[in-house]
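Structure first, then comments.
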Amino acid sequence: MRVTLSLLFAVLVGCHAPAQKPTEGNGPVPDVKEHLARAERARREGQIDAALREFRFVRQSAPDTDASRAAETAIVDLEVSVISRSEHLSLPQPEAGLPNGGEGVPLTQLRIDNRTHARLHVFLKGPQVSLVEVAADGSAELRVLPGPYEVGIRGDDPSALPLYGRHLYDVGKRHRFLLENSDVPR
C-alpha cells in the first residue's frame with residue numbers, strides 16, 4: 001500500500017521562506033536575468049527539472065521583483081502541467097462555497113488543512129497564479145481572484161501520488177481542502 005493524499009477541499013495561504021543570499025559553488029553568482037534565460041532555454045528544450053531549478057533560484061534570489069513573479073508563474077505553469085500529465089489522483093470539487101463574511105468582497109477565500117505528515121506544494125493556475133507550501137499538520141489561507149483554476153498538489157513524499165483538478169471558485173465565497181493520509185491502491 002502507498003500513502004497518498006486524499007482531499008475534501010479547503011483553502012490556502014502563502015507561506016514563503018525568507019530569501020537567502022544566492023551562491024553557485026565557489027564562483028561568482030550570475031545575475032537573475034541570466035538565470036531566467038537559462039530557465040527558459042531549459043524549458044524550451046524540455047529539461048523540466050533544470051528549468052524548475054533555475055526558476056526557483058530566481059524566485060529565492062530576487063523576492064518581490066518582476067523576475068521573481070515571472071519565475072513563480074513559470075513554476076506554477078510547469079508543475080501543473082507535469083502533474084496533470086502524470087499519474088495522479090483526482091482533486092475533488094470543493095464543498096459548497098460559504099459566504100466569506102465580507103460585503104462586496106471580490107475575492108475568493110481558500111483554506112488548506114494539511115493533515116498529512118509531509119509538506120505540501122500547492123499550485124493554482126487561473127486568473128491568479130499562486131504557489132503555496134503548507135507544512136505537515138499545518139494550514140494555509142489565501143485570497144484569490146474568482147474564476148476557473150487548475151490546481152496541482154504534491155507532497156515531499158515521492159511515493160505519494162499528486163492531486164490534480166479543475167475548479168471554479170465563486171466570488172465572495174470560502175472554499176476548503178482537507179488533505180489526509182490514506183491508503184489508496186495504485
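Since every read-out is calculated from the coordinates, none of them should be taken as a lab result. All values derive from a computational prediction rather than experimental measurement. Here the Cβ is made from the backbone with ideal geometry for all residues, glycine too, and neighbour counts use every protein chain on show.
Quick look at the values:
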quantity: Amide H within-cut-off set for H175, under 5 Å, with H built and near neighbours excluded; calculated: Q109, L110, R111
quantity: Residue order, fewest to most surrounding Cβ atoms within 10 angstrom, among H167, H35; calculated: H167, H35
quantity: Local net charge near R115, Cβ-Cβ under 9 Å (Lys/Arg +1, Asp/Glu -1); calculated: -3
quantity: Residues listed by number, region 141-177, amide nitrogen under 19 Å from I48 label point at 7 Å toward C-beta; calculated: 150-166
quantity: Extension gain from D31 to D156, taking 0.36 nm per residue of separation minus the Cα-Cα distance; calculated: 42.1 nm
quantity: Exposure proxy order (Cβ contacts within 10 Å, fewest to most) of K173, K125, K33; calculated: K33, K173, K125
quantity: Total formal charge among the other residues, if their Cβ is under 13 angstrom from that of P148, Lys/Arg +1 and Asp/Glu -1; calculated: 0
quantity: Derived scalar couplings ³J(HN,Hα) [region 55-65; Karplus, 6.51 cos²θ - 1.76 cosθ + 1.60; whole Hz; x for Gly, Pro]; calculated: 4, 5, 4, 4, 4, 6, 6, 10, x, 6, 10
quantity: Amide H contacts under 5 Å for L89, placed H, 5+ residues apart; calculated: L163, Y164
quantity: Integer Hz, Karplus 6.51/-1.76/1.60 couplings in order for region 115-126, x for Gly and Pro; calculated: 9, 9, 9, 10, 5, 10, 10, 10, 10, 10, 10, x
quantity: Listed peptides 137-146, 52-61, 81-90 by packing density, highest first (mean Cβ within 10 Å); calculated: 52-61, 137-146, 81-90
quantity: Anisotropy class of region 32-85 from Cα gyration tensor, a/c 1.5 cut; calculated: oblate
